[in-house]
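Student: Below are the structure tokens for one structure; questions will follow.
The values are calculated or read from the model by the stated rules, or taken from the named source; none is laboratory data. As the structure is a computational prediction, the values presented were derived from the model and not from experiment. Methodologically, a virtual Cβ is constructed for each residue, glycine included, from the backbone with ideal geometry; neighbour enumeration extends over all protein chains shown. With ligands, DNA and RNA removed, areas are computed over all heavy atoms of the protein, side chains included. Shrake-Rupley method; radii C 1.70, N 1.55, O 1.52, S 1.80 Å.
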Amino acid sequence: MATIETYRQLALSFPDVVELPHFDRASFRIRKKIFTTISEKDMLVMVKLSLVDQSVFCAFDKNIIYPVPGGWGKQGATYIDLKKIKKPMLKDALTTAYNYVNPKRNK
């Protein structure tokens, strides 16, 4: 299990990330682009992944990591259940989402 505070610390540990509200959630952005959000009341994190990365992470355990229902999920939006995920996997997913949304960082 990962806590909300652990998630927040991990998300903010990447360079140039800011936390801003996004409707009823907190969002974490790089250059104004969201790479992750959290619904604190549901203990659900959304990460934005490529479709390939989404399939890899979802293959781990669909009870822990799964596509967001509907159209957003078909574009790589992926839910993570904080009540069930371990910190190393959460860190890997956040790192992957950060690098996907911030490709300039990889050059």
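Student: Condition first: out of contact with any strand residue (DSSP E or B) (no Cβ under 6 Å at 6 or more places or on another chain), at negative phi, assigned to a loop (DSSP other than H, G, I, E, B) and touching a residue at least 12 places away in the same chain (Cβ under 8 Å). Now tell me which residues in region 23-50 satisfy that. Talk me through it step by step, then tell me what you get.
Tutor: Step one: of region 23-50, the residues out of contact with any strand residue (DSSP E or B) (no Cβ under 6 Å at 6 or more places or on another chain) are 23-24, 31-33, 40-43, 50.
After this cut, where a residue has to be at negative phi as well, the list is 24, 33, 40-42, 50.
Add one more test, that the residue is assigned to a loop (DSSP other than H, G, I, E, B), and what stays is 24, 40-42, 50.
Scanning region 23-50 gives D24, E40, S50.
Student: Could you count how many residues in region 51-94 are touching a residue at least 40 places away in the same chain (Cβ under 8 Å) and not acidic (D, E)?
Tutor: Step one: filter region 51-94 for residues touching a residue at least 40 places away in the same chain (Cβ under 8 Å), giving 53, 82-87, 90-91, 93-94.
Now restrict to residues that are not acidic (D, E): 82-87, 90-91, 93-94.
So the count comes out to 10.
Student: Are any residues in region 71-80 open to solvent by less than 50 Å² (accessible area, probe 1.4 Å) and out of contact with any Asp or Glu (no Cβ under 8 Å at 6 or more places or on another chain), and if so, which ones? Explain how you work it out, then say what you get.
Tutor: We begin by selecting, within region 71-80, every residue open to solvent by less than 50 Å² (accessible area, probe 1.4 Å); these are 71, 73, 76-80.
Within region 71-80, G71, G73, A77, T78, Y79, I80 meet the criteria.
Student: Output the residues belonging to region 58-70 that are open to solvent by less than 50 Å² (accessible area, probe 1.4 Å) and assigned to a strand (DSSP E or B).
Tutor: I65
Student: Out of curiosity, is S50 modelled with pLDDT of 95 or more, in contact with a Ser or Thr (Cβ under 9 Å, 6 or more places away or on another chain) and surrounded by fewer than 17 Cβ atoms within 10 Å (Cβ to Cβ)? Let's see the steps before the verdict.
Tutor: Numbers: modelled with pLDDT of 95 or more: yes; in contact with a Ser or Thr (Cβ under 9 Å, 6 or more places away or on another chain): yes; surrounded by fewer than 17 Cβ atoms within 10 Å (Cβ to Cβ): yes.
Judged against the criteria, S50 is a match.
Student: Also, I was wondering about something else. Checking the condition at pLDDT below 95 and either surrounded by fewer than 14 Cβ atoms within 10 Å (Cβ to Cβ) or touching a Leu at 6+ places or on another chain (Cβ under 8 Å) (or both), which residue from K83, K104, K33, K91 passes?
Tutor: Values: K83 fails: at pLDDT below 95; K33 fails: at pLDDT below 95; K91 fails: at pLDDT below 95.
Sole residue among the options that is at pLDDT below 95 and either surrounded by fewer than 14 Cβ atoms within 10 Å (Cβ to Cβ) or touching a Leu at 6+ places or on another chain (Cβ under 8 Å) (or both): K104.
Student: Just to be sure, is A93 more than 13 Å from the chain's Cα centre (by Cα), among the small types (G, A, S) and in a helix (DSSP H, G or I)?
Tutor: Values: more than 13 Å from the chain's Cα centre (by Cα): no; among the small types (G, A, S): yes; in a helix (DSSP H, G or I): yes.
Judged against the criteria, A93 is not a match.
Student: Can you name every residue in region 1-22 that is in a helix (DSSP H, G or I), closer than 13 Å to L94 by Cβ and open to solvent by 50 Å² or more (accessible area, probe 1.4 Å)?
Tutor: Here is the first cut: in region 1-22, the residues in a helix (DSSP H, G or I) are 4-12.
Those left that are additionally closer than 13 Å to L94 by Cβ: 6-12.
Q9, L12, listed by residue number.
Student: Go through (1) in a strand (DSSP E or B); (2) open to solvent by 20 Å² or more (accessible area, probe 1.4 Å); (3) of a type in the set (S, T, N, Q) one by one and return the number of the condition S55 breaks.
Tutor: Looking at each condition in turn, S55 falls short on (1).
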